[in-house]
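Only the coordinates and a few stated rules stand behind these numbers; no lab work does. None of the values given here were measured: they were computed from a predicted structure. Here the Cβ is made from the backbone with ideal geometry for all residues, glycine too, and neighbour counts use every protein chain on show.
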Amino acid sequence: MAGPTTAERQKAAAGGSRPPRPPRPPRLPRLLRGRVRVPRPRTLILSLIALVVLGAGGSWLLYGSQWLRVERVTTSGTRVLTPQEVREAAAAPVGAPLISVDTDALEDRLRKKLPRIDTVDVVRSWPHGISLKVTERKPVLLIEKGGKFVEVDAKGVRFATVGHAPKGVPHLELTPDQENAAESLRRFDSHHLRRESVRVAGALPAAVARDTRVVKVRSYDSISLELSGGRTVAWGSSEKGRTKASTLTALMKAAPKARHFDVSVPTAPASSTS
């Protein structure tokens, strides 16, 4: 019996080179067959109406109703300021919708009207309150001026003038060296020197800080302290404050009867009784 002809072989070869059929789309599980339905137009319209109604109702509840309006303003954190002063300076819109209160504007207003405030956080207290959380500046130095006292905080900011000096806060005296006053003030103005004195006050050991009565600044690298009992400390510049503080503590323990201490060069401290 004769084998396939050449034409038959070519036809078979051509049939075997057909491109593969595309895969069939996956079939849904039996449980879901017949259950996937396109929503009817009426259902879509009702759903849209419901969303509009809910949105309008929510807007009215937040802005138009009497239920979520500012009724009280509370304060916390005050030490020198009174809660009444803070509330009056804030001028929170009592009766306005709580959602509409601009908390950033209230914070800016408080810091501008009351410089004693260092930081403030205005918080909505739902459903009817505004909470003012205040942190006041603390004086670390006092500048006497015209019989009153200007309070200076740890950042060198002069934030308040008071009639009576707070207890335990040293006085700052800026007394430029007369021989080099012009040069000293040209290189370091009074604001810069005040910042240096603040750095020195912040570096003092706790026991020394309690006894410090006056911080004297003659120039950038000539800062000294007057302590209780007529004692003095030559501190030098504000640099190496921690090292100088440790050196001064050790020096006072080693020479408890000394009246004058010099830690301007902390690697070579000195003390004397006269």
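Amide H contacts under 5 Å for GLY236: ILE223, restricted to partners 5 or more places along the chain or on a different chain, H placed in the peptide plane at 1.01 Å from N. At q = 0.31 Å⁻¹ the log10 of I(q)/I(0) for the range 139-178 amounts to -1.09, computed by Debye summation with a single uniform scatterer per C-alpha, solvent ignored. With only the Cα atoms considered, the range 101-151 has a convex hull volume of 77 Å³ per residue. A cut-off under 14 angstrom between Cβ atoms defines the neighbours of PRO97, and their net charge, with Lys, Arg +1 and Asp, Glu -1, is 0. For VAL140, the residues whose modelled amide H falls within less than 5 Å of its own, excluding neighbours fewer than 5 places apart on the same chain, are VAL152, ASP153, ALA154.
Looking at the range 155-274, the DSSP beta bridges with both ends there are about 65 percent antiparallel.
Straight-line reach from LYS138: which lysines have Cα under 23 Å away, leaving out those fewer than 8 places along the same chain? Straight-distance partners of LYS138: LYS112, LYS113, LYS148, LYS155, LYS167, LYS216.
Backbone amide hydrogens, once placed in the peptide plane, bring VAL214 within less than 5 Å of HIS171, GLU226, excluding anything fewer than 5 places away on its chain. Scaling the Cα radius of gyration of the range 141-272 by the globular reference 2.2 N^0.38 Å produces a ratio of 1.04.
Short to long, the 5 Å bins of the Cα pair-distance histogram for the range 72-136 hold 4, 19, 36, 24, 12, 5, 0 percent of all pairs. Evaluating 6.51 cos²θ - 1.76 cosθ + 1.60 at θ = phi - 60° for every residue in the range 74-79, the Karplus couplings come out as 10, 10, 8, x, 6, 10 Hz, glycine and proline recorded as x.
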